[in-house]
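Take a look at the structure below.
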Amino acid sequence: MEFEAMSCDELSAYLRSVPCVYALLNEPGELDIAEVGDGNLNFVYFASNAKTPEKSVVVKQAPPFLRLVGKSWPLTRHRMEREVAALRRFGALCPQHVPRVYHADSERFLMVMQRLSSHRILRQGLMEGVVYPKLAAHLSTYLAHTLFFGSDLYLAPDVKKQAVSAAINSELCKITEDLVFTYPFEDHPSNAYSAAFPRAEIERLWASPALRVAVGEMKWSFMNDAETLLHGDLHTGSIMVNQDETYVIDPEFAFYGPMGFDIGAVLANLLLAYFSRDWHDRHARVNAKAPYRDWLLDQATLIWSGFADQFVALWREHESRRKSRFIGDDHRGACAEAFRTHFMQRLFAASLGFAGCKMIRRIVGMAKVADVTSIADEALRATVEVRALRCAERLLVERHAIAGIDDVIALAREIQATHYAST
Ligand code: SR1
Ligand code: MG
């Protein structure tokens, strides 16, 4: 049967028929329903009690196609089950940073969840130049806890393997394999270029064996390294913030993959925000005290270092409680510490490689980011895009040689200060 989105009346009647939702909404006589989704995949509604509008929930429903494209791109509706399971798992690990799921319906492929009415999408706040003082602490905590507790560093091996199999999300992973790791690196019809974008810049990347090999390695890792339960799409549009709180939403791409993929997504989006400042600084509503671009780079530093410190602390604490080491006991623990150091260096390099892929896909591929697309000055937008591509290329190709996050920041500043002849 052809899919029809629920009408407001149908949704209203449905929500009133679910006892826990009916109670949460203060036993509404009438509900105000508004479709508010601007994401690429699903329909999203706000449903509020018409008499007490502060009693409100979010309803998210998966249509049997990709919303961005329409019925010509069919998708299984079971993706909603992956998202619900991931929200529940991440919510158990980090309740302060994950919206609550109140109700999930596996026949209608919808869920009812916490409405974050005093929060906004981080990408919008960053474009306006808003400082979020707790953002880095919150995101580093979220990353450390979700990535550590989903991994073999914490879970028993049999539990982990069961979890990997239960979270297989092949259809959405295929979107990432194509749109992040494949199409931007070939002359694919789904790629889209801005008006003044110098095509030679992308042709240069396509012709670079070092870049192509690096991207191949990242794609291989994405497809094979089932390290932990990932969010899978952790860009700044998947984060909601206010001055006090940070929530991570929309884990429909969740699966067991390489840890660096989530970390890289955050770093990539901060770098895209950074390179876009030449435009947004002119239009920002907020007057930041220090240049806002410095604050953005500080967030990258604080998120990586805060994540690394907490992740290693969780690992050590778990080992000392369990009295067992991942690599076997050497009595003094020196080998365990050496392994940890090696592990974190490898994770850092992987995060940079994934960040590079994610920056390139947003410039070259079909799904772009508003930080860049909202730049109305075509020449300036092209300059921003070239800088982002140059930075991404260096992150990918030099990822094993970049010693630490300070070097990433220095690289971003160097590229921002460079005039590229082709633009
Ligand atoms: C075709 S879906 C495009 C993108 O939207 C999601 O947010 C993911 O990033 C996906 O790659
Ligand atoms: Mg999303």
Legend entry - Number of the exception - ARG399 against (1) assigned to a loop (DSSP other than H, G, I, E, B); (2) within 16 Å of ligand 2 (Cβ to nearest atom): (2)
Inset, instruction - Only residues in the stretch 124-146 that are over 16 Å from ALA265 (Cβ atoms) and among the hydroxyl-bearing types (Ser, Thr, Tyr) count as the first member; pair them with residues that are outside any helix (DSSP H, G or I) and open to solvent by less than 40 Å² (accessible area, probe 1.4 Å), Cβ under 6 angstrom, at least 6 apart or cross-chain, and list the lot. - result: TYR132/VAL241
Legend entry - Residues located in the stretch 12-27, provided they are open to solvent by less than 60 Å² (accessible area, probe 1.4 Å) and farther than 22 Å from ILE249 by Cα: SER12, ALA13, TYR14, VAL18
Legend entry - Hits in the stretch 367-381 - residues which are crowded, with 18+ Cβ neighbours inside 10 Å and within 25 Å of LYS219 (Cβ to Cβ): VAL369, ASP371, VAL372
Legend entry - Lone unmet requirement of (1) of a type in the set (A, V, I, L, M, F, W, C); (2) part of a helix (DSSP H, G or I); (3) in contact (Cβ under 8 Å) with a residue 60 or more places away in the chain for VAL213: (3)
Inset, instruction - Examine the stretch 348-363 for a residue that is over 30 Å from ALA200 (Cα atoms), among the charged types (D, E, K, R) and surrounded by 15 or more Cβ atoms within 10 Å (Cβ to Cβ), and state whether such a residue exists. - result: no
Inset, instruction - Determine if the stretch 252-268 includes at least one residue that is away from ligand 2 (no atom under 11 Å from the Cβ), β-branched (Val, Ile, Thr) and either under 22 Å from HIS119 (Cβ atoms) or part of a loop (DSSP other than H, G, I, E, B) (or both). - result: yes
Inset, instruction - For residues that are in contact with a helix residue (DSSP H, G or I) (Cβ under 8 Å, 6 or more places away or on another chain) and aliphatic (A, V, I, L, M), scanning just the stretch 326-347, find the one that is most open to solvent (accessible area, probe 1.4 Å). - result: ILE327
Inset, instruction - Filter the stretch 28-65 down to residues that are assigned to a loop (DSSP other than H, G, I, E, B), free of Cβ contacts under 8 Å to residues at least 40 places away in the same chain and either small (Gly, Ala, Ser) or surrounded by fewer than 14 Cβ atoms within 10 Å (Cβ to Cβ) (or both), then give me how many there are. - result: 9
Inset, instruction - Output the residues belonging to the stretch 66-87 that are open to solvent by less than 60 Å² (accessible area, probe 1.4 Å) and within 13 Å of ligand 1 (Cβ to nearest atom). - result: LEU66, GLY70, LEU75, ARG79, GLU83
Legend entry - Residue identified as within 30 Å of the chain's Cα centre (by Cα) and outside any helix (DSSP H, G or I) among PHE326, PHE339, PHE311: PHE326
Inset, instruction - Among the residues of the stretch 148-200, count how many are in a helix (DSSP H, G or I), open to solvent by 20 Å² or more (accessible area, probe 1.4 Å) and of a type in the set (D, E, K, R). - result: 7
Inset, instruction - Identify, by number, the condition in (1) in a helix (DSSP H, G or I); (2) closer than 26 Å to CYS20 by Cβ; (3) away from ligand 2 (no atom under 16 Å from the Cβ); (4) of a type outside the set (S, T, N, Q) that HIS103 doesn't meet. - result: (1)
Inset, instruction - Kindly provide the set of residues from the stretch 225-251 that are aliphatic (A, V, I, L, M), more than 14 Å from ligand 2 (Cβ to nearest atom) and open to solvent by 20 Å² or more (accessible area, probe 1.4 Å), ordered by number. - result: ALA226
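The values are calculated or read from the model by the stated rules, or taken from the named source; none is laboratory data. Predicted model, so just to flag it, every value in this text is computed and none were measured. Please note: Cβ atoms are built from the backbone with ideal geometry, for glycine as well, and neighbour counts cover all protein chains shown. Remember, those area values only see protein heavy atoms, side chains included, never the ligands or the DNA or RNA. Shrake-Rupley method; radii C 1.70, N 1.55, O 1.52, S 1.80 Å.
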